[in-house]
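Undergrad: My questions all concern the structure below.
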Amino acid sequence: MVFDVVLREARTPTDQDRLVDIGILNGRIAAIAPTLSDAAHMEPMGGALVVPGFVETHIHLDKSCIIDRCSIVEGTLREAIAETARAKLAFTEEDIAARARRTLERAVAGGTMHMRTHVEVDPRIGLKGFRAVRRLARDFAWAIDLEVCVFPQEGLLNDPGTEELLIQTCSEGANLIGGCPYADTQPIEHITRIFSIARRFDLDIDFHLDFDLDASWMHLDEVMRQTRLARYGGRVAVGHATKLSAVPAQRQIEIAHQLADAGVAVTVLPATDLFLMGREADYNVPRGVTRADRLAQHGVTCSLATNNVLNAFTPFGDASLLRMANLYANIAQLGRREDFERCFDMITGAAARLMKLTNYGLAVGNPADLVVLPCRDTAAAVMELVQPLMGFKGGRKSFTRQPTMLLGPGTRPSKGGRH
Ligand SMILES: [Zn+2]
């Protein structure tokens, strides 16, 4: 067999001690073996780690990069929603596309190759966000698979006209529907309506849930109840679930078993939750970040994701999922290699399961969606927060980054080097 490309002397996550060649043919991984010789093009890996492309399960491209249009005084959720709603009035389709493109380019350069983006739909923004992001999905198909989750950020029953627009986007090909019960005056009915639209169009659901630390009641109970009622197990995810960070570990484990049993997955969004939660405290501030690793250990499909980039919800960001895994590990006070490996899994394999991606992973027959990292194993990638060196999307090189070189006295820049 003559391969289109062979990645020569690569390390893989399953066997760090042995270097292999990865043969790519027609966009797919065609062979993984100690030595593959016949190739149109040899790409030396020099012992670098080759992993599957990262999976971003929750990001808002449409409202990214608007921090210079927002004022952050309180740093609360209420302020973030109000500031974004105000800025949104001036959004145009071109403006949304330009900002989303900037964020998407950074995500691609950070190794992300699959993405679920939430897009706001309401009578003020109309379908501008939806149309802009759908156009980008086509423009960036060479680098990333982008799916669109439409949702009512400012509420549904309290915002007449929103439901009709959501239904329109679903009939125009939205990939799934989201809900935001905390923003609604009738949160339970909000959840019911979202399930109803989802069933009508046979779409999966991804809710925004919580954004407070009052564990005396939870919309999560209603989401699990309706998931069972609709026989939607395995088709529902929730983002944030911050209330779970405010209950004792034993209770978290009980809820994890309920979530696993109901088939509800959880995405934790460390950057936003750290920024917005606990604002009522002026010292000893609670972290407000739910223990995704603990839920995962008790059977819940969990991912770590970016959520917001440079806006009033999160005035930071580079759309790097490895940074999110590193941040999460630090917040959750993780220290064992197996924990770091689990964090890596929550931006790769587990995140792919949450999005129900098929043919994902480093295996013969799967699409050659691969990222090259300058480290020996996945735990090191999280611990050291390494920068991806290059990526291959469908077997085609989609980005590169030159390794940093230190130039001490008497040294000259030279090319290459082993890892
Ligand atoms: Zn979100």
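Undergrad: Step by step: first the residues of the stretch 18-66, then only those that are loosely packed, with under 15 Cβ neighbours inside 10 Å and among the polar types (S, T, N, Q), then the one that is modelled with the lowest pLDDT. Which residue is that?
TA: By that ranking, first place goes to Ser37.
Undergrad: Moving on. Name the one entry in Arg86, Arg99, Arg69 that is open to solvent by 10 Å² or more (accessible area, probe 1.4 Å), touching a Cys at 6+ places or on another chain (Cβ under 9 Å) and more than 17 Å from Ala319 (Cα to Cα). Walk me through it before giving the result.
TA: Values: Arg99 fails: more than 17 Å from Ala319 (Cα to Cα); Arg69 fails: touching a Cys at 6+ places or on another chain (Cβ under 9 Å).
Answer to the selection: Arg86.
Undergrad: Taking the stretch 189-211 as the search range and keeping residues that are open to solvent by 20 Å² or more (accessible area, probe 1.4 Å) and touching a Gly at 6+ places or on another chain (Cβ under 9 Å), which one is farthest from Met355 (Cα to Cα)?
TA: Arg193
Undergrad: What pairs come out if I take residues in the stretch 169-196 that are at positive phi and pair them with residues that are open to solvent by 10 Å² or more (accessible area, probe 1.4 Å) whose C-beta lies under 8 Å away, six or more apart or interchain?
TA: Gly173/Arg134
Undergrad: Another question, then. Among the listed residues Gly317, Gly365, identify the single one that is at positive phi and either within 16 Å of the ligand (Cβ to nearest atom) or at pLDDT below 95 (or both).
TA: Numbers: Gly365 fails: either within 16 Å of the ligand (Cβ to nearest atom) or at pLDDT below 95 (or both).
Sole residue among the options that is at positive phi and either within 16 Å of the ligand (Cβ to nearest atom) or at pLDDT below 95 (or both): Gly317.
Undergrad: Another question, then. Checking Leu229 against (1) closer than 24 Å to Gly349 by Cα; (2) open to solvent by 10 Å² or more (accessible area, probe 1.4 Å): exactly one of these is not met. Which one?
TA: The single condition Leu229 does not satisfy is (1).
Undergrad: Moving on. In the stretch 205-219, what count of residues is obtained for those that are under 22 Å from the mean Cα position of the chain (by Cα) and away from the ligand (no atom under 16 Å from the Cβ)?
TA: Qualifying residue count, the stretch 205-219: 0.
Undergrad: So which residues in the stretch 278-314 are within 16 Å of the ligand (Cβ to nearest atom) and open to solvent by 10 Å² or more (accessible area, probe 1.4 Å)? Can you show your working first?
TA: Filtering the stretch 278-314 down to residues within 16 Å of the ligand (Cβ to nearest atom) leaves 288-290, 292, 302-314.
Correct list: Val289, Leu310.
Undergrad: Same structure, new question: Taking the options Gly410, Gly361, name whichever one is of a type in the set (Gly, Ala, Ser), out of contact with any Lys or Arg (no Cβ under 7 Å at 6 or more places or on another chain) and closer than 23 Å to Thr14 by Cα. Can you show your working first?
TA: On the way: Gly410 fails: closer than 23 Å to Thr14 by Cα.
Every option except Gly361 fails the conditions.
Undergrad: Restricting to the stretch 290-306, name every residue that is touching a Ser or Thr at 6+ places or on another chain (Cβ under 6 Å) and assigned to a loop (DSSP other than H, G, I, E, B). Show your work before the answer.
TA: Step one: of the stretch 290-306, the residues touching a Ser or Thr at 6+ places or on another chain (Cβ under 6 Å) are 290, 303, 305.
Once the filter is applied, which keeps residues that are touching a Ser or Thr at 6+ places or on another chain (Cβ under 6 Å) and assigned to a loop (DSSP other than H, G, I, E, B), the stretch 290-306 yields Thr290, Ala305.
Undergrad: State which residue pairs qualify: first residue part of a strand (DSSP E or B) and inside the stretch 49-60, second residue near the ligand (Cβ under 10 Å from one of its atoms) and among the aliphatic types (A, V, I, L, M) in any location, beta carbons under 8 Å apart, and separation of 6 or more residues or different chains.
TA: Hits for this filter: Glu56/Ala305; Thr57/Ala305; His58/Leu269; His58/Ala305; Ile59/Ala305.
Undergrad: Ok, one more. Test Thr12 against the stated conditions and say whether it is open to solvent by less than 60 Å² (accessible area, probe 1.4 Å) and in contact with a Lys or Arg (Cβ under 6 Å, 6 or more places away or on another chain).
TA: Details: open to solvent by less than 60 Å² (accessible area, probe 1.4 Å): yes; in contact with a Lys or Arg (Cβ under 6 Å, 6 or more places away or on another chain): no.
Against the criterion (open to solvent by less than 60 Å² (accessible area, probe 1.4 Å) and in contact with a Lys or Arg (Cβ under 6 Å, 6 or more places away or on another chain)), Thr12 does not qualify.
Undergrad: Just one of Ile125, Ile66, Ile59 is over 30 Å from Phe392 (Cα atoms) and within 15 Å of the ligand (Cβ to nearest atom); which is it? First the steps, then the outcome.
TA: Details: Ile125 fails: within 15 Å of the ligand (Cβ to nearest atom); Ile59 fails: over 30 Å from Phe392 (Cα atoms).
None of the other options fit; the residue is Ile66.
Undergrad: Within the stretch 372-386, can one find any residue that is modelled with pLDDT of 95 or more and either part of a strand (DSSP E or B) or more than 18 Å from Asn326 (Cα to Cα) (or both)? Break it down into steps so the answer makes sense when it comes.
TA: Going through the stretch 372-386, the residues modelled with pLDDT of 95 or more turn out to be 372-386.
Remaining after also requiring either part of a strand (DSSP E or B) or more than 18 Å from Asn326 (Cα to Cα) (or both): 372-373.
Among the residues of the stretch 372-386, at least one is modelled with pLDDT of 95 or more and either part of a strand (DSSP E or B) or more than 18 Å from Asn326 (Cα to Cα) (or both), which makes the answer yes.
Undergrad: Scan the stretch 221-232 residue by residue and report those that are more than 16 Å from the ligand (Cβ to nearest atom) and either without any contact (Cβ under 8 Å) to a residue 24 or more places away in the chain or not hydroxyl-bearing (Ser, Thr, Tyr) (or both).
TA: Going residue by residue through the stretch 221-232, those that are more than 16 Å from the ligand (Cβ to nearest atom) are 221-222, 224-232.
If the condition is that a residue be more than 16 Å from the ligand (Cβ to nearest atom) and either without any contact (Cβ under 8 Å) to a residue 24 or more places away in the chain or not hydroxyl-bearing (Ser, Thr, Tyr) (or both), then Asp221, Glu222, Met224, Arg225, Gln226, Arg228, Leu229, Ala230, Arg231 are the ones that fit.
Undergrad: Filter the stretch 233-245 down to the residues that are open to solvent by 10 Å² or more (accessible area, probe 1.4 Å) and out of contact with any Asp or Glu (no Cβ under 7 Å at 6 or more places or on another chain), then identify the one that is farthest from the ligand (Cβ to nearest atom).
TA: Narrowing the stretch 233-245 to residues open to solvent by 10 Å² or more (accessible area, probe 1.4 Å): 233-235, 245.
Then keep just the ones that are out of contact with any Asp or Glu (no Cβ under 7 Å at 6 or more places or on another chain); that gives 233-234, 245.
Numbers: Gly233: 23, Gly234: 21, Ser245: 16 Å.
Only one residue tops the list, namely Gly233.
The values are calculated or read from the model by the stated rules, or taken from the named source; none is laboratory data. Every value quoted in this text rests on a predicted model; they were computed, and no experiment measured them. For neighbour counting, all protein chains shown are included, and Cβ atoms are generated from backbone atoms with ideal geometry for every residue, glycine included. All accessible areas refer to the heavy atoms of the entire protein, side chains included, with ligands and DNA or RNA removed. Shrake-Rupley method; radii C 1.70, N 1.55, O 1.52, S 1.80 Å.
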